[in-house]
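S.K.: Let me begin by handing over the structure; questions about it come next.
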Amino acid sequence: MKKIIAFSLVFMMLLSFSGLASAAENTGTKKDIVDTAVQAGDFKILAAALEKAGLVDTLKGEGPFTVFAPTDAAFNKLLTELNITAEQLLARKDLKDILLYHVVQGKVMSSDLKDE
């Protein structure tokens, strides 16, 4: 079950990553990844997960960081497929580990990713 959730999160994060990266690039001001996600408005579940996992301060720190970030729509689709609620997802003991698996130090654009 853990592998299915991790794979699904990776897949959905890759699908929606370019939206968050574009939002960060188009703001015109230097914002951290957390502020960018919150301002975009489509990453409420991700923002809640980052806060629950205690990663907000880290991601607001020295970067840059790249987060392969699912939109709320992607999260909702995953939650439906897994038949769980957002609260159940956020209550996972391994939430921080799952999120950290999707954070890369440095700036990585969707065009840098390769299909292997």
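FYI, it's all coordinate maths here, none of it is from the lab. Just so it is clear, the structure is predicted and the values come from calculations on it, not from any experiment. Cβ coordinates were reconstructed from backbone atoms using ideal geometry, including for glycine residues, and neighbour counts include every protein chain displayed.
S.K.: Can you sort VAL67, VAL104, VAL56 from fewest to most other Cβ atoms within 10 Å of each residue's own Cβ?
M.R.: Going from least to most buried by this count: VAL104, VAL56, VAL67.
S.K.: Where the only charges are on Cβ atoms (+1 Lys, Arg; -1 Asp, Glu), what is the dipole of the stretch 25-88 about its Cα centre, to the nearest 20 debye?
M.R.: 40 debye
S.K.: Taking 0.36 nm per residue of separation and subtracting the Cα-Cα distance, what length does fully extending ALA73 through GLU116 add?
M.R.: Working: separation 43, 0.36 × 43 = 15.48 nm, distance 2.58 nm.
That works out to 12.9 nm of additional length.
S.K.: Between ALA86 and MET109, what is the FRET efficiency for a Förster distance of 25 Å, r being their Cβ-Cβ separation, to the nearest 0.05?
M.R.: E(calc), rounded to 0.05, equals 0.30.
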